[in-house]
Amino acid sequence: MSELVRIVNGALRLDVDKVRNYTAFLAQKLEAAGELAAAERLRKVLEENDHQLRPTDARFPRALPVDSESRFPLVEHIKVSKLHEPPVQLTQAQWDVVHEFVSVAKSHGSIADNGELSGALSFLMYGPPGTGKSRLARYIAHELGLELYVARLDGLISSFLGSTSKNIRALFDFAAKTPCVLFLDEFDAIAKVRGDHQEMGELKRVVNSFLQNLDTLGRQSIVLAATNHENLLDAAVWRRFTYRLALTLPTGDQRQRMWSDFLKPLEFSERDFALLGDLSEGFTGSDIREASARLRRKQVATGVAPGLKEAFPIVVNLATDAEGSRFASILAGKESSAMVHVLRERDERLYSLAVIADLLGVSKATVHRLSKKEGDEHGD
Ligand SMILES: Nc1ncnc2c1ncn2[C@@H]1O[C@H](COP(=O)(O)OP(=O)(O)OP(=O)(O)O)[C@@H](O)[C@H]1O
Ligand SMILES: [Mg+2]
């Protein structure tokens, strides 16, 4: 029904692209619901009335909006239906927000418009780099069965205010014509206009035009935004997002599950995943994915299945960069005897002598000897 409203709306405004895109979308929905004959009829109408030259392979023929100066595309199309990614790991409280948003988004377009719920439905994700904001955007688009268009806002802001406004309009015009999830990445870029233009008035105008566009986009549009610098966003922008989610560093359990998901084809045991989960305290999901990719590459290069002995130095190496990792960073650059002491002190049951032998790739007897040696753990 909501598609029908959009199609009529597009027709009355003589917006052929909008009519075509939403008709194709409706046909797809009808087909999914088993209404094959109706879907077929709609597609036939589309085909018979195609007066312009269009790419025949595209499901929804559409041209991407471009920067008014450089003519580079302002958005990137991510085909989420073709992606097969390991699951997203979130806390229960975070999932609650995501699930609520997804279920509201599914019914949003069909709720009768009583005036209170106008404008696009919007969701703001914020948190440190690598904690899964972009990943979650793909998850949401996939759940909604919609195409994902990613606009990097820093690319849209030009040093010419006029071009910036044109770009914002082009972006929202595009989103209004197309059933999609529009993902505004690097969203804090709109707050940086202040620095570039010196003048507060200009920032206000850009921000206001943004908010207005968001409101006129209409009820069926879904807008996601992500930022690492939520403190840069002003209160009006912040308030415009009804749903907001703080992404955080993964917990021990989540890290363990990520290792298990990301290392999938490799042969590690549940105990190994528990160890890796503990050793990677302070890592982001992105760090764990990176470490896993290195291990998989190693397998390809050497033809030998890597184990804990290969994983450990990669984890220690990455830990030096992970800000939240106090434990793992003291491991970095230490002598073996000091490492044995650090691990034993952390958790004697998890880090048994046999486990440490596996990690360091030495014999149990050696670990035993190292653990007896008065370590330099209290030094430096
Ligand atoms: N919570 C998570 N669950 C599952 N995978 C994750 C999670 N966080 C990160 N990842 C993995 O790390 C990759 C990179 O994360 P992503 O690009 O989503 O981070 P981001 O928060 O968007 O970072 P940035 O702020 O730098 O854009 C993801 O594609 C995914 O494979
Ligand atoms: Mg991102």
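The values are calculated or read from the model by the stated rules, or taken from the named source; none is laboratory data. Because the structure is predicted, anything quoted here is derived from the model rather than measured. Glycine also receives a Cβ, built like all others from the backbone with ideal geometry; neighbour counts cover every protein chain displayed.
Scanning the range 213-259 for residues that are acidic (Asp, Glu) and either under 18 Å from Val150 (Cα atoms) or away from ligand 1 (no atom under 16 Å from the Cβ) (or both) yields Asp215, Asp234.
Within the range 129-146, which residues are crowded, with 21+ Cβ neighbours inside 10 Å and away from ligand 1 (no atom under 16 Å from the Cβ)? Of everything in the range 129-146, just one residue is crowded, with 21+ Cβ neighbours inside 10 Å and away from ligand 1 (no atom under 16 Å from the Cβ), namely Leu146. Pairing each residue of the range 208-226 that is without any contact (Cβ under 8 Å) to a residue 40 or more places away in the chain with any residue that is of a type outside the set (A, V, I, L, M) and surrounded by fewer than 22 Cβ atoms within 10 Å (Cβ to Cβ), provided the two are 6+ apart or on different chains, yields C-beta distances under 9 Å for Leu211/Arg240.
Would you pick out the residues in the range 122-152 that are touching a strand residue (DSSP E or B) at 6+ places or on another chain (Cβ under 7 Å) and either away from ligand 2 (no atom under 12 Å from the Cβ) or not assigned by TED's automatic domain parsing to the domain that holds Asp188 (or both)?
Pass one, the range 122-152, residues touching a strand residue (DSSP E or B) at 6+ places or on another chain (Cβ under 7 Å): 122-127, 133-134, 136-138, 140-141, 144, 146-152.
Selection gives Ser122, Phe123, Leu124, Ile140, Ala141, Leu144, Leu146, Glu147, Leu148, Tyr149, Ala151.
Give the range 116-128 a look and list any residue that's crowded, with 18+ Cβ neighbours inside 10 Å and modelled with pLDDT under 95, or say none. Hits for the range 116-128 are Gly119, Ala120, Leu121, Ser122.
Table: residues versus (1) in contact with a Leu (Cβ under 8 Å, 6 or more places away or on another chain); (2) in a strand (DSSP E or B).
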residue: Asn208; (1), (2): no, no
residue: Leu214; (1), (2): no, no
residue: Gln220; (1), (2): no, no
residue: Val223; (1), (2): yes, yes
residue: Val237; (1), (2): yes, no
residue: Thr248; (1), (2): no, no
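In the range 147-163, the residue that is farthest from ligand 1 (Cβ to nearest atom) out of those that are out of contact with any Lys or Arg (no Cβ under 9 Å at 6 or more places or on another chain) and of a type outside the set (A, V, I, L, M, F, W, C) is Gly162. As an exercise: evaluate Arg239 against (1) in contact with a Phe, Trp or Tyr (Cβ under 9 Å, 6 or more places away or on another chain); (2) assigned by TED's automatic domain parsing to the domain that holds Pro179 and give the number of the one condition it does not meet. Exception for Arg239: condition (1). If you filter the range 269-307 down to residues that are of a type in the set (A, V, I, L, M, F, W, C), without any contact (Cβ under 8 Å) to a residue 60 or more places away in the chain and surrounded by 15 or more Cβ atoms within 10 Å (Cβ to Cβ), you find that the one that is farthest from ligand 1 (Cβ to nearest atom) is Leu279.
Among the residues of the range 281-292, is there at least one that is closer than 15 Å to Asp358 by Cα and either more than 23 Å from the chain's Cα centre (by Cα) or not hydroxyl-bearing (Ser, Thr, Tyr) (or both)? Checked against the condition, which is being closer than 15 Å to Asp358 by Cα and either more than 23 Å from the chain's Cα centre (by Cα) or not hydroxyl-bearing (Ser, Thr, Tyr) (or both), the range 281-292 yields no hits at all. Checking Gln94, Gln89 one by one, the residue that is in contact with a strand residue (DSSP E or B) (Cβ under 9 Å, 6 or more places away or on another chain), modelled with pLDDT of 85 or more and of a type in the set (S, T, N, Q) is Gln94 and no other. Taken over the range 12-37, residues that are surrounded by 14 or more Cβ atoms within 10 Å (Cβ to Cβ) and either farther than 20 Å from Val181 by Cβ or among the polar types (S, T, N, Q) (or both) amount to 9.
Restricting the first member to the range 120-136 and to residues that are on the phi > 0 side of the Ramachandran plot, and the second to residues that are outside any loop (DSSP other than H, G, I, E, B) and near ligand 1 (Cβ under 7 Å from one of its atoms), the beta-carbon pairs closer than 6 Å and six or more apart or on different chains are Gly130/Ser286; Gly132/Gly285.
In the range 87-107, the qualifying residues are those that are in a helix (DSSP H, G or I) and of a type in the set (Val, Ile, Thr), and the one that is farthest from ligand 2 (Cβ to nearest atom) is Val104.
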